[in-house]
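Peer 1: Sharing a structure with you now.
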Number of protein chains: 2
Amino acid sequence: MTSETPAPQRMTRQRKAVEEALSKNKGFCSAQDLHATLRAQGNRVGLATVYSQLRVMVDAGMLDVIRSDAGEAMYRRCGAGDHHHHLRCRSCGNVEELHAPAVETWASEVVSSSGYRDVSHSLEITGLCPACASG
Amino acid sequence: MTSETPAPQRMTRQRKAVEEALSKNKGFCSAQDLHATLRAQGNRVGLATVYSQLRVMVDAGMLDVIRSDAGEAMYRRCGAGDHHHHLRCRSCGNVEELHAPAVETWASEVVSSSGYRDVSHSLEITGLCPACASG
DNA sequence: TTACTTGCAAACGGTTTGCATCGAG
DNA sequence: CTCGATGCAAACCGTTTGCAAGTAA
């Protein structure tokens, strides 16, 4: 049932290019940005391929994904599969990672007492960062 | 330049309908959901009008907005008195309300130590309810 | 009456998909 | 050779916009 088939993932030129571009970029970038960057570097890669690879990498837990206010998905190379949340400034868009053991604990308690299974949660925190709040 | 013209905002039937629908719904709902709800209630309102009103209300600070994983904008009446979260079955759509004092406490601690201000958070938990999980 | 609001439909922009071709294993 | 990967273009879907008709003030 829960086939652990980790997906073959052939190492193509394009796949490597996407991984490298993400490794070099510390922040979040959109699929379109990534595509433009690769093209600018002379790497001939299709947009659909970029999306495809991003999906694979997200499924594999290699990437963090957030949504920009404009509705674009923003990707960033993620430190292992450690689950965390984000504190985002609604003014400047700056994102900080948060670790929330209390939340995780609470969530799993709720889940077990409710009888729900295969549960996932998402916690979004937005506010004004110190810089924007004082401005 | 920074004209503070707060926009006249005529009180039309449609505007009132949107406000009321949002007031009755404690959680987040998408523009499309809102539109469908209004239509179902017999309220003849255009989708573009719903979007228009939502934008006005967001600009006025009356609404909280977050992006769902699917990329849809989700709106919620801001400063909702009874803040709570939802546990939703991704199969049958059943929703249970959750109260999370631990989460609220944790969130406010994080917020105060981070220096962020005017912070709001949303926690969504999804899974399979007992009925759907056993089915 | 004035000019803001409505609402249809078409335009938009990000993302996904269909399918013929390419190429890693 | 085989079957997954690629990539163009078209389909999708949520959202925005153009503009003529409606209506609050």
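Since every read-out is calculated from the coordinates, none of them should be taken as a lab result. The structure displayed is predicted, hence computed values, not measured ones. FYI the Cβ positions are ideal-geometry reconstructions off the backbone, even for glycines, and counts take in every protein chain you see.
Peer 1: I'd like to know which of B:SER108, A:SER108, B:THR12 lies farthest towards the positive end of the charge dipole of the protein assembly as shown, counting +1 on Cβ of Lys and Arg and -1 on Cβ of Asp and Glu.
Peer 2: B:THR12
Peer 1: Just want to confirm a number: the relative contact order over the stretch B:80-135, from Cα pairs under 8 angstrom separated by 6+ residues, in percent.
Peer 2: Numbers: 52 pairs, mean separation 25.6, N = 56.
Worked out over the stretch B:80-135, it gives 46 percent.
Peer 1: Quickly estimate the mean residue ellipticity at 222 nm for chain A, helices only: each DSSP H run with n ≥ 4 gives -39500 (n - 2.57), and the total goes over all residues, rounded to 500.
Peer 2: Details: 5 runs with 54 residues, N = 135.
For chain A, the value works out to -12000 deg cm²/dmol.
Peer 1: What is the distance, in nm, between label points placed 7 Å from the Cα along the Cα-to-Cβ direction at A:ARG44 and at A:ARG13?
Peer 2: Going by the 7 Å Cα→Cβ label model, 0.7 nm.
Peer 1: Based only on other Cβ atoms within 10 Å, what is the fewest-to-most ordering of A:HIS84, B:HIS85? Working shown, then result.
Peer 2: Details: A:HIS84 13, B:HIS85 22.
Listing A:HIS84, B:HIS85 from fewest to most nearby Cβ atoms yields A:HIS84, B:HIS85.
Peer 1: While we're here: What is the mean number of Cβ atoms from other protein chains located within 10 Å of the Cβ atom of each residue in peptide B:100-111, rounded to a whole number?
Peer 2: Working: counts 5, 1, 7, 7, 0, 1, 8, 8, 0, 1, 9, 3.
If you average over the peptide's residues, the count of other-chain Cβ atoms is 4.
Peer 1: Would you grab the residues whose amide H sits under 5 Å from the one on A:ASN94? Only those 5+ places off in sequence or on another chain, please, with H modelled 1.01 Å from N.
Peer 2: Here the answer is A:CYS89, since their amide H atoms fall under 5 Å of that of A:ASN94.
Peer 1: When chain A is modelled as a GNM with alpha-carbon springs shorter than 10 Å, which of A:ARG77, A:ARG15, A:ARG44 fluctuates the most?
Peer 2: A:ARG44
Peer 1: Count, for each residue of A:68-75, the Cβ atoms from other chains sitting within 10 Å of its Cβ, then give me the mean as a whole number. Provide the component values of the computation, followed by the final result.
Peer 2: Numbers: counts 2, 3, 2, 4, 2, 3, 0, 0.
Mean shielding count: 2.
Peer 1: For the protein assembly as shown, state what percent of all Cα-Cα pairs lands in each successive 5 Å bin, counting from 0 Å until the bin that includes the largest distance.
Peer 2: All Cα pairs considered, the percentages come to 1, 5, 10, 13, 15, 16, 14, 12, 9, 5, 1, 0, 0.
Peer 1: Next question. How far, in nm to one decimal, is B:THR49 from itself in the other copies if the label point is set 7 angstrom along Cα toward Cβ? Shortest first, please.
Peer 2: When each copy's label point is compared with this one, the spacings are 4.9 nm.
Peer 1: Among B:VAL95, B:VAL45, which comes first, second and so on when ranked by fewest other beta-carbon atoms within 10 Å? Mind dumping the intermediate values first?
Peer 2: Values: B:VAL95 13, B:VAL45 21.
If I rank by nearby Cβ atoms, fewest first, I get B:VAL95, B:VAL45.
Peer 1: Also: Charges only on Cβ, +1 for Lys and Arg, -1 for Asp and Glu: so what's the dipole of the stretch A:11-79 about the Cα centre, in debye to the nearest 20?
Peer 2: Rounded to the nearest 20 debye, it is 280 debye.
Peer 1: Would chain A count as rounded, prolate or oblate if I go by the C-alpha gyration tensor, calling it rounded below 1.5 in a/c and otherwise prolate when a/b exceeds b/c, oblate otherwise?
Peer 2: On the way: a/c = 2.70, a/b = 1.21, b/c = 2.24.
Taking the square roots of the gyration eigenvalues as a ≥ b ≥ c, chain A is oblate.
Peer 1: Another one. Springs between alpha-carbon atoms under 10 Å, Gaussian network over chain A: tell me which of A:TYR116, A:TYR51, A:TYR75 tops the mean-square fluctuations.
Peer 2: Comparing A:TYR116, A:TYR51, A:TYR75 in a Gaussian network model of chain A, the most mobile one is A:TYR116.
Peer 1: Got the relative contact order for chain B handy, in percent, Cα pairs under 8 Å and 6 or more residues apart?
Peer 2: 19
Peer 1: Ok, one more. Can you list, shortest first and in nm, the gaps between the label point of B:SER23 and those of its counterparts in the other copies, using a point 7 Å from Cα in the C-beta direction?
Peer 2: When each copy's label point is compared with this one, the spacings are 5.8 nm.
Peer 1: Now, a different point. Antiparallel as a % of all DSSP beta bridges within chain B, to the nearest 5?
Peer 2: On the way: 11 of 15 bridges.
Percent antiparallel among DSSP bridges in chain B is about 75.
Peer 1: Placing +1 at every Lys and Arg Cβ and -1 at every Asp and Glu Cβ, with all other atoms neutral, what dipole size does chain A have around its Cα centre, in debye to the nearest 20?
Peer 2: Details: 15 positive and 15 negative charges, 161 e Å.
So the magnitude is around 780 debye.
Peer 1: A further question follows. Out of B:SER108, B:SER68, B:SER122, any idea which swings most in a Gaussian network model of chain B, alpha carbons joined below 10 Å?
Peer 2: Checking each option, the largest mean-square fluctuation is seen for B:SER108.
Peer 1: Shielding of A:123-135 by partners, i.e. mean partner chain Cβ atoms within 10 Å per residue? Show your work: numbers first, answer last.
Peer 2: Values: counts 9, 8, 10, 9, 9, 5, 4, 4, 1, 3, 4, 2, 0.
Neighbouring Cβ atoms belonging to other protein chains average 5 per residue here.
Peer 1: Next question. Expressed as a whole number of Å, what is the distance separating the alpha-carbon centroids of the stretch A:30-94 and the stretch B:39-54?
Peer 2: 34
Peer 1: Starting from a label point 7 Å past Cα on the Cβ side, list the distances from B:ASP69 to the same position in the other copies, nm, shortest first.
Peer 2: Listed shortest first, these distances are 2.5 nm.
Peer 1: Per residue Cα convex hull volume for the stretch B:80-135, in cubic angstrom? Intermediate values should be presented prior to the final figure.
Peer 2: On the way: hull volume 5.2 nm³, N = 56.
Residue-normalised Cα hull volume stands at 93 Å³.
Peer 1: Now for a different question. Please tell me the relative contact order of the stretch B:11-79 in percent, rounded to the nearest whole number, where contacts are Cα pairs under 8 Å and at least six residues apart. Walk me through the numbers before you get to the answer.
Peer 2: Values: 71 pairs, mean separation 23.9, N = 69.
Relative contact order comes out at 35 percent.
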